[in-house]
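Notes for the one structure printed next.
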Amino acid sequence: MSTEHPVGLLLVDDDPLIRAGLGTILASDPGIKILGEAENGIRAIELAARLRPQVTMMDIRMPQLDGLGAMERILAQDPEAKVLILTTFGEEEYIDRAMAGGAAGFMLKSSSPEELIGAVHSVADGAAALSPRIAKRLVDKVRSLDHGRHTVATSLIAQLTPRERDVLSLVGAGDSNAEIAGELVLTPATVKGHMTSIMLKLGVRNRVEAALIAYQSGMVNQQD
């Protein structure tokens, strides 16, 4: 985690105490620089456009405009932006919408400081970040899907080249582009090119959706 070029972060939560707590935790890592804070979705959109953070850590429930609405507008104005959603356990109903909207990851507010810091770096490095409890819930959901969805996922995977399937398998395991490059002895630029092709063929907008298709197809070993 480089301190020479720290990850620029925008922190968004309507509760000033939570913002202060998260800010203290995240600022303790020299590899993260908090560029600004916002208390609602409208302000988050304004700051994201002006500050261009590498990662925006976004609460869901906020006044004026909620986090999911703000995320959708931030990604509309900058498709390369990365939004890490903060949630509380029991708000799983929001996850499908967040995934469809292009969220780069989901973390619980009750996550440990190490998990939150790691999530920011993972998202900045191009990997999907999921709180372990949320990841388990998503995997359980995948396991309960009917055979038809498994068949659809398998047919989508069949469109990929062997190398693209290798890359997708590692995406499903949670690896970043840099880690995939090292594992497959490729350049990061080549991995990025493969990811662009994979997401186009699968019809997904982000790595989380791609990873779930890998789970649905049975490509990734699903362990508790």
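The values are calculated or read from the model by the stated rules, or taken from the named source; none is laboratory data. Being a predicted model, the structure only gives us computed values, none of them experimental. Counting neighbours? That spans all protein chains shown, and the Cβs are built from the backbone with ideal geometry, glycine included. Accessible surface is based on the protein model in full, side chains and every heavy atom, while ligands, DNA and RNA are left aside. Shrake-Rupley method; radii C 1.70, N 1.55, O 1.52, S 1.80 Å.
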Over the chain, what number does the Rg to Rh ratio reach, with both radii from the alpha-carbon atoms and Rh per Kirkwood? 0.96
Mind ranking GLU209, GLU183 by accessible surface for me, highest first, 1.4 Å probe? GLU183, GLU209
Using a simple spin-label model with points 7 Å from Cα along the Cα→Cβ vector, what separation in nm is obtained for GLU80 and THR151? 4.2 nm
Between GLU115 and ALA189, what is 0.36 nm times their sequence separation minus the Cα-Cα distance? Round to one decimal in nm. 23.9 nm
Computed over region 37-81: relative contact order in percent, which uses C-alpha pairs under 8 Å that are six or more apart: 43 percent
Given Cβ charges of +1 for Lys and Arg and -1 for Asp and Glu, the option among ILE60, ILE74, VAL171 whose Cα lies farthest towards the positive end of the dipole of the chain is VAL171
Count charges around PRO188 for me, please; just the other residues with Cβ under 14 Å from its Cβ, Lys/Arg as +1, Asp/Glu as -1. -3
To the nearest 20 debye, the chain has a Cα-centred charge dipole, built from +1 on Lys and Arg Cβ and -1 on Asp and Glu Cβ, of 500 debye
Using 0.36 nm per residue of separation minus the Cα-Cα distance, give me the extension gain between LYS33 and SER197 in nm, one decimal. 55.8 nm
Ignoring ligands and nucleic acids, ASP125 exposes an accessible area, probe 1.4 Å, in Å² to the nearest 10, of 90 Å²
Could you work out the percent of alpha carbon pairs in region 162-224 separated by over 17 Å, rounded to a whole number? 31 percent
Compute and list, largest first, the equivalent-ellipsoid semi-axes of region 6-124 from the alpha carbon gyration tensor, each √(5λ) rounded to a whole angstrom. 18, 16, 14
Expressed per residue, the solvent accessible area of the chain in Å² (1.4 Å probe) is about 48 Å²
What does the extension gain come out to for ASP96 and ARG50, with contour length at 0.36 nm per residue minus their alpha carbon separation? 13.7 nm
Pairs of lysines 8 or more apart, or on different chains, with alpha carbons under 30 Å: count those in the chain, would you? 15
Under the definition of Cα pairs under 8 Å and six or more residues apart, what whole-number percent is the relative contact order of the chain? 16 percent
As a test of the formula, what do you get for the chain when each DSSP H run with n ≥ 4 contributes -39,500 (n - 2.57) and the sum is divided by the residue count, at 222 nm and rounded to the nearest 500 deg cm²/dmol? -16500 deg cm²/dmol
Accessible area (Å², 1.4 Å probe, nearest 10) - SER110: 90 Å²
Counting only the backbone N, which residues of region 58-74 are under 14 Å from the spot 7 Å out from the Cα of THR88 toward its beta-carbon? 59-63
Rounded to a whole %, the carbon-and-sulfur portion of the accessible area of region 1-130 at a 1.4 Å probe is 52 percent
Which value, in Å² and to the nearest 10, is the accessible area of LYS201 when all protein chains are kept and the probe is 1.4 Å? 60 Å²
Which of LYS33, LYS109 is most accessible, then next, and so on - probe 1.4 Å: LYS33, LYS109
Roughly how many nanometres apart are two label points built 7 Å out from the Cα toward the Cβ at ASP15 and ALA173? 3.7 nm
